[in-house]
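*Asks:* The structure under discussion is supplied below as structure tokens; questions concerning it will follow.
The values are calculated or read from the model by the stated rules, or taken from the named source; none is laboratory data. What you see is a predicted model; the values in this text were computed from it and never measured. Here the Cβ positions follow ideal geometry from the backbone for every residue, glycine too, while neighbour counts run over all protein chains shown.
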Ligand code: SAH
């Protein structure tokens, strides 16, 4: 069943507009009576049926609230060093499928890509759309937010997670698994992953000073996109959110 995020509080009747309305009406050609899933902006998911549809607006009648949550027990914020080309698109899409709750693209010292001003804002808009599509497809109950591009300093100032992990390729003492097992009541976690060029010493020091633990993802050097997704998957596996 197709799932749509409707930016309105939950109500018995809701109206889907914009791109989604056009998609339902002209691409999917859904008729009156077709069932869809909706998620309201106050986080209620429900099965609904199309009551009326045109290109600009689709009115649905909600039939049944879906009680089961599709969200993981641990809320991961992925702070990802800007990676080249379409790699960020890939990381965002897959991270959302896995269950990551928020993504912070970071302009890091060793990022090959430079994104500023308008160009950065346009990219974030595009990444937000990718996140929404992935959230629909994977039946998330939220659309993970893609934050504006920021430096490590800004990201650390904005993030209040008690548990912060920075995946560092030169770390040889603390492994991800041990770091996770040391946490009591893990509810939220900040996961920092470097760009292709790696994490600069000054960035590592800032993260450590902010309370982050440097963790190893094993003895092989993973590419940025592999590291982000493997680390997220391993955390969800450990917390039982990946088929526990
Ligand atoms: N340019 C670096 C590798 C960067 S890999 C080099 O050639 O040495 C990109 C990012 O993935 C790293 O900054 C780190 O955050 C993460 N990463 C990759 N492999 C890792 C590992 N074995 N342990 C911890 N982090 C790793």
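*Asks:* With the condition kept exactly as written, say whether any residue in the stretch 13-31 is in contact (Cβ under 8 Å) with a residue 60 or more places away in the chain and outside the structural domain of residue 130 (by TED's automatic domain parsing).
*Replies:* No, that holds for no residue.
*Asks:* Could you name every one of the strands (runs of 3 or more DSSP E) located completely within the stretch 53-143 that has at least 2 residues being over 21 Å from residue 4 (Cα atoms) and modelled with pLDDT of 95 or more?
*Replies:* 75-81, 102-106
*Asks:* A further question on this structure: Would you pick out the residues in the stretch 164-190 that are surrounded by fewer than 20 Cβ atoms within 10 Å (Cβ to Cβ) and away from the ligand (no atom under 14 Å from the Cβ)?
*Replies:* Correct list: 181, 182, 183, 184, 185, 186, 187, 188.
*Asks:* Among the candidates 117, 81, 85, 99, single out the residue that is within 22 Å of residue 242 (Cα to Cα) and in the same structural domain as residue 220 (by TED's automatic domain parsing).
*Replies:* None of the other options fit; the residue is 99.
*Asks:* Name the residues in the stretch 200-222 that are near the ligand (Cβ under 6 Å from one of its atoms) and touching a helix residue (DSSP H, G or I) at 6+ places or on another chain (Cβ under 8 Å), would you?
*Replies:* 216, 217, 222
*Asks:* Let me ask something else about it. Within the stretch 143-160, which residues are crowded, with 17+ Cβ neighbours inside 10 Å and under 17 Å from the mean Cα position of the chain (by Cα)?
*Replies:* 143, 144, 146, 147, 149, 150, 155, 159
*Asks:* With the condition being touching a strand residue (DSSP E or B) at 6+ places or on another chain (Cβ under 8 Å) and closer than 18 Å to residue 83 by Cα, I'd like the helices (runs of 4 or more DSSP H) fully within the stretch 163-244 carrying at least 2 qualifying residues.
*Replies:* Per the criteria, 224-238.
*Asks:* Anything in the stretch 86-112 that is surrounded by fewer than 20 Cβ atoms within 10 Å (Cβ to Cβ) and under 14 Å from residue 199 (Cα atoms)? List them, or say none.
*Replies:* The answer is 107, 109, 110, 112.
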